[in-house]
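The values are calculated or read from the model by the stated rules, or taken from the named source; none is laboratory data. The structure presented is a predicted model; accordingly, all values stated were derived computationally and were not measured. All Cβ positions, even for glycine, are placed from backbone atoms using ideal geometry, and neighbour counts span all protein chains on display.
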Amino acid sequence: MSRRRTLLTVHAHPDDESSKGPATVARYHADGVQTVLVCCTGGEEGEILNPAMDNPLVIANLGEVRTGELNRAAAVIGYDFVEMLGYRDSGMAGSASNANPECFAQAPADEAVGRLVALFRTYRPDVVITYGDEQSAYPHPDHLRVHDISIPAFEAAGDPDRFPDAGEPWQPSKLYYTIFSVSMFREIHEKFVELGIESPFDEGWRARWKDVSDPPFTTSVDITGFADIRRQALLVHATQIDPNSKFWFGLSPEVMQQIHTSDEYQLARTAPGVARPPDGEIETDLFAGIPE
């Protein structure tokens with residue numbers, strides 16, 4: 001029996017897995033690919049954005065509550081496994097939580113990389129999805145840290161001389177960055193206007209988009225039939241997502257599925273022997289070029 005192909009994603013907090021590429025994961029899971037989620041922190045510093053969940057019991061147990069939300073959202077998306085890297089939410093730069101020695105941002109680099117290497121070697125992913133090096137729009141310390149440990153972990157996982165106690169070496173074939181699509185948000189705003197619905201994207205939002213282009217991408221994954229997974233998974237994160245939010249849910253699922261037809265990625269690393277797409281050619285499969 002051939003080995004089951006595996007996709008592994010690395011995210012910072014509970015709910016990131018639901019806002020960044022969940023439809024891609026759902027599509028591949030439906031195709032029989034093994035899917036693994038690594039969440040680096042427990043999200044203990046997240047703000048409660050849903051008034052219905054803003055109560056003392058939830059506040060006192062936010063990390064535990066958010067872990068429960070994460071596991072339920074992962075089931076909606078179609079993850080086979082969820083792994084916590086084991087760090088505390090770092091909060092924003094300059095905050096007291098950012099100086100906590102247990103937080104992700106303060107973790108020794110080799111320790112955090114070693115934990116991720118051990119998961120790569122355990123699950124043996126063919127494809128890894130993580131965050132890119134350009135995060136100026138939202139420079140959260142934990143999001144930056146996800147990038148900073150994913151690259152060296154990808155490079156070390158197949159090296160028997162690195163982290164020898166982390167399991168048998170395994171080299172993932174490809175590493176991708178998620179892409180934030182400004183053009184999709186422009187299109188969402190225009191659809192609000194077209195339908196005569198007040199847009200949540202006010203002048204302040206639109207000013208941020210002025211003269212901003214989408215980051216370059218190498219890969220576009222068709223998510224036809226899976227686009228609504230994002231909405232379904234986000235709704236599970238009841239502490240973080242107000243179900244009445246026009247930002248997330250102002251357009252119907254039917255309309256959003258016409259707008260959000262693909263997820264884009266940038267191919268950042270490949271293992272030796274793995275073919276990259278020719279310059280200018282857009283891949284349609286994350287597993288393209290990986291030998292069977």
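Computed quantities for the displayed model
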| read-out | value |
| --- | --- |
| Considering residues of region 180-200 that are in contact with a helix residue (DSSP H, G or I) (Cβ under 8 Å, 6 or more places away or on another chain) and without any contact (Cβ under 8 Å) to a residue 24 or more places away in the chain only, the residue nearest to T219 (Cα to Cα) | R186 |
| Any hit, region 146-160, residues being free of Cβ contacts under 8 Å to residues at least 40 places away in the same chain and either within 14 Å of the chain's Cα centre (by Cα) or within 21 Å of V221 (Cα to Cα) (or both) | yes |
| Those residues of region 132-172 which are of a type in the set (A, V, I, L, M, F, W, C) and in a helix (DSSP H, G or I), in sequence order | L144, V146, I149, I151, A153, F154, A156, A166 |
| Boolean, F192 is not basic (K, R) and not assigned by TED's automatic domain parsing to the domain that holds I77 | yes |
| Failed criterion for V128 (all others in (1) in a helix (DSSP H, G or I); (2) closer than 18 Å to L37 by Cβ hold) | (1) |
| Qualifying residue in region 45-62 (condition: hydrophobic (A, V, I, L, M, F, W, C), within 30 Å of F185 (Cβ to Cβ), in the same structural domain as L235 (by TED's automatic domain parsing) and under 13 Å from the mean Cα position of the chain (by Cα)) | no |
| Inter-residue pairs, beta-carbon under 7 Å, first within 14 Å of D89 (Cβ to Cβ) and in region 54-72, second buried (at least 17 other Cβ atoms within 10 Å of the Cβ) and among the acidic types (D, E), 6+ apart | L62/E44; G63/E44 |
| Filtered residues of region 34-43 (kept if at negative phi and either surrounded by 21 or more Cβ atoms within 10 Å (Cβ to Cβ) or out of contact with any Lys or Arg (no Cβ under 9 Å at 6 or more places or on another chain) (or both)) | T35, V36, L37, V38, C39, C40, T41, G42 |
| Count of region 77-108 residues which are in contact with a Cys (Cβ under 9 Å, 6 or more places away or on another chain) and on the phi > 0 side of the Ramachandran plot | 2 |
| Subset of region 70-112 [touching a Ser or Thr at 6+ places or on another chain (Cβ under 7 Å) and part of a loop (DSSP other than H, G, I, E, B)] | G78, Y79, D80, D89, S90, G91 |
| Lone qualifier among G68, G21 - being at pLDDT 95 or above, small (G, A, S), within 20 Å of the chain's Cα centre (by Cα) and at positive phi | G21 |
